[in-house]
Amino acid sequence: MVLFRRLLGDVLRAQRVERGMTLREVSAEARVSLGYISEIERGQKEASSELLASLCGALDLPLSTVLREVSDAVALEEAALAPTPIGVAGRPTEVVASAA
């Protein structure tokens with residue numbers, strides 16, 4: 001199962017690290033407790049839209065960029081979890097539509 005909050009946390013942490021910011025710096029700028037930001041980055045807590053906006057502001061990052069990166073990560077995880085059809089004796093699996 002794909003957990004949005006875990007992927008969101010991964011994206012926020014990667015963006016913070018890329019900017020060379022500490023949790024303490026983001027906490028002060030966003031006016032959100034350091035512990036709560038840490039829990040969000042680890043995927044343990046859900047971020048409200050207001051909190052997410054504050055974090056994006058502290059990171060000087062458009063919300064749309066964060067959501068796009070999370071969306072891309074969700075798509076990759078979904079693709080990795082999707083069942084793969086298996087053919088017989090090296091032949092591709094044939095899909096036949098019913099005439100219903």
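The values are calculated or read from the model by the stated rules, or taken from the named source; none is laboratory data. The structure presented is a predicted model; accordingly, all values stated were derived computationally and were not measured. Ideal geometry is used to build each Cβ from the backbone, glycine not excepted, and the neighbour counts take in all protein chains shown.
Can you find a residue in the range 29-37 that is among the acidic types (Asp, Glu), outside any loop (DSSP other than H, G, I, E, B) and within 15 Å of the chain's Cα centre (by Cα)?
Of the range 29-37, the ones among the acidic types (Asp, Glu) are 29.
Remaining after also requiring outside any loop (DSSP other than H, G, I, E, B): 29.
Add one more test, that the residue is within 15 Å of the chain's Cα centre (by Cα), and what stays is none.
The answer is no; no qualifying residue exists.
With respect to Val74, is the statement that it is among the β-branched types (Val, Ile, Thr) and modelled with pLDDT of 95 or more true?
No, not satisfied.
If you scan the range 14-28, which residues turn out to be under 22 Å from Ala73 (Cα atoms), assigned to a helix (DSSP H, G or I) and either out of contact with any Ser or Thr (no Cβ under 9 Å at 6 or more places or on another chain) or without any contact (Cβ under 8 Å) to a residue 40 or more places away in the chain (or both)?
Ala14, Val17, Glu18
Counting just the residues of the range 1-52 that are out of contact with any Leu (no Cβ under 7 Å at 6 or more places or on another chain), surrounded by 12 or more Cβ atoms within 10 Å (Cβ to Cβ) and among the small types (Gly, Ala, Ser), which one comes out farthest from Arg68 (Cα to Cα)?
Filtering the range 1-52 for residues that are out of contact with any Leu (no Cβ under 7 Å at 6 or more places or on another chain), surrounded by 12 or more Cβ atoms within 10 Å (Cβ to Cβ) and among the small types (Gly, Ala, Ser), the one farthest from Arg68 (Cα to Cα) comes out as Ala28.
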